[in-house]
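Notes follow the structure.
The values are calculated or read from the model by the stated rules, or taken from the named source; none is laboratory data. In this text, all values refer to a predicted model and were calculated from it rather than measured experimentally. Backbone-built Cβ (ideal geometry, glycine too); neighbour counts: all protein chains shown. In case anyone asks, the SASA skips ligands and DNA or RNA and just uses the protein heavy atoms, side chains included. Shrake-Rupley method; radii C 1.70, N 1.55, O 1.52, S 1.80 Å.
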Amino acid sequence: MKIWCRSICLGCLLSIMLPGYGQMTMASMKVWEDSLLNIGQQVFQNQAEPERIDANFRFVKTLVSALKENKSFDYPFERLKMISILNSPDQKFRIFSWNVPLNDGSYLYYGSIQLQTPNGELNLIPLLDKTFEIKNPQTDIVSGQNWYGAQYYAIIPNGNHYILLGWKGHNRLFSQKVIDVLTLKGKEATFGLAYFSNEPKVVRKIFNYTREATMLLQYEANHKRIVFDHLVPADKSLVGKYQYYGPDLSYDAYEVAPGKLFFKSNIDYVNPVNGREAEYLDPARKKAEKRSGF
């Protein structure tokens, strides 16, 4: 009890003696953010692929250095619009994810999970994109070391798991959107879980559609459901050729229940126009200042 009281007193004393500590940390993080912003612009705006990859290597190193700052978890990096930074609703972690476009129309994905820690020290789980080494992406449960890379834009807590919605520019012919399930145990991250009521063997739902189209995949919190476009080929003869798939103006959904996503076909839904639709196109078709990827 005495030790506990002394700790509180010491904390109060430090806060009095060091009133500028928070400001010092904020100033330091702003310097890191300036560097990341400069390098990040090179990743997405440089015309030469080797320079983009080199800039991304420097971006990764700089980001890790920035996150080593004490209490960095609380810094929002609001100016880094070229990458996705998502905080879990329970504030236990946040995910950084982004892509590097390649000349052949495919993408490399990069990411990390930063865990909240009581003392503010760094606890980081790197995510290594092994997309083309994963033999069965819809049925293989993977770790952060062999991640099915994506750029995430939504986190939906579900018990001890987190449902992730992501965009994935797959190749020059078609794009993907992904529903994945994240499980965190200590310093280990696992992706994929048998969550889908209509496909019991599927652990990760992947939607394929032409790069010329957009696809709706979003969470409606008020209905506790994930709504998405129903995708069909332009002609029956084109089944399996995903560069010819697109929305048919009908909608399906997954209702979010404990430990399960229940499939609902042909739901009633009106897609609201919110003025942000351009953010969900292929990065190559958007303005440079828009956040790439979703």
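Some points to look at:
- When nucleic acids and ligands are ignored and a 1.4 Å probe is applied, His223 ends up with an accessible area of around 100 Å².
- Three-way shape label, the stretch 153-213, alpha-carbon gyration tensor, a/c 1.5: prolate
- Cα-based shape type of the stretch 74-201, given that a ≥ b ≥ c are square roots of the gyration tensor eigenvalues and the cut on a/c is 1.5: oblate
- For the stretch 102-117, 3J(HN,Hα) computed residue by residue from phi via the Karplus equation (6.51, -1.76, 1.60; θ = phi - 60°) reads 10, 5, 7, x, 9, 9, 9, 10, 9, x, 7, 10, 9, 8, 5, 10 Hz, glycine and proline entered as x.
- Per-residue ³J(HN,Hα) for the stretch 162-177, Karplus 6.51 cos²θ - 1.76 cosθ + 1.60, θ = phi - 60°, Hz, x for Gly and Pro: 9, 8, 10, 10, x, 9, 9, x, 8, 8, 6, 9, 9, 9, 9, 10
- Averaging the Cα positions of each part gives two centres, and for the stretch 50-103 and the stretch 134-174 these lie 17 Å apart.
- Under 5 Å from the amide H of Gly149 lie the amide H atoms of Lys130, Thr131, each residue being 5 or more positions distant or on a separate chain, with H modelled from the backbone and absent for Pro and chain starts.
- Largest first, the residues Ser197, Ser237, Ser84 sort by 1.4 Å accessible area into Ser237, Ser197, Ser84.
- In this simple spin-label model, placing a label point 7 Å from the Cα along the Cα-to-Cβ direction at both Asp104 and Asn171 gives a separation of 0.9 nm.
- Solvent-accessible surface (1.4 Å probe) assigned to Lys92 amounts to roughly 120 Å².
- With all protein chains modelled, accessible area of Glu78 [1.4 Å, Å²]: 130
- A 1.4 Å probe over all protein chains sorts Tyr209, Tyr242, Tyr153 by accessible area into Tyr242, Tyr153, Tyr209, starting with the largest.
- Of Met82, Met26, the order by accessible heavy-atom surface (1.4 Å probe, DNA, RNA and ligands excluded), from most exposed downward, is Met26, Met82.
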